[in-house]
Amino acid sequence: MAVKIRLNRTGAKNQPSFRIVVADSSVKRDGKYLEIIGHFDPKTDPKKLVIDQERYQYWLKVGAQPTEAVRKLVK
């Protein structure tokens with residue numbers, strides 16, 4: 001089972017916001033997830049990113065792979 005840290009889209013049409021979730025890689029983008037570790041709102045100025053660093057580090061240590069988009073946001 002490969003676990004990914006990725007974005008889960010929420011929000012209305014033309015008003016996107018995203019949850020940063022830990023999910024099995026075989027699950028759809030907005031499907032079931034293991035845990036929510038943060039959220040990202042690209043529509044605010046400045047863009048708002050909130051992430052639980054302890055849980056993010058924990059999931060990295062147990063083998064979860066962040067997607068490219070999440071890696072860029074956390075950087």
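Rundown of residues vs (1) aliphatic (A, V, I, L, M); (2) at pLDDT 95 or above, yes/no style:
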{"residue": "GLY11", "(1), (2)": "no, no"}
{"residue": "GLN15", "(1), (2)": "no, no"}
{"residue": "VAL22", "(1), (2)": "yes, yes"}
{"residue": "LYS28", "(1), (2)": "no, no"}
{"residue": "GLY31", "(1), (2)": "no, no"}
{"residue": "ILE36", "(1), (2)": "yes, yes"}
{"residue": "THR44", "(1), (2)": "no, no"}
{"residue": "TYR58", "(1), (2)": "no, yes"}
{"residue": "LYS61", "(1), (2)": "no, yes"}
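When region 16-30 is limited to residues that are surrounded by 10 or more Cβ atoms within 10 Å (Cβ to Cβ) and of a type in the set (S, T, N, Q), the one that is nearest to GLY63 (Cα to Cα) turns out to be SER25.
Counting only residues that are charged (D, E, K, R) and surrounded by 13 or more Cβ atoms within 10 Å (Cβ to Cβ), which one in region 31-75 is farthest from LYS4 (Cα to Cα)?
ASP41
The values are calculated or read from the model by the stated rules, or taken from the named source; none is laboratory data. Since this is a predicted model, take the numbers as computed values, not measurements. A quick note on method: Cβ atoms are made from the backbone with ideal geometry, for glycine too, and the neighbour counts reach across all protein chains shown.
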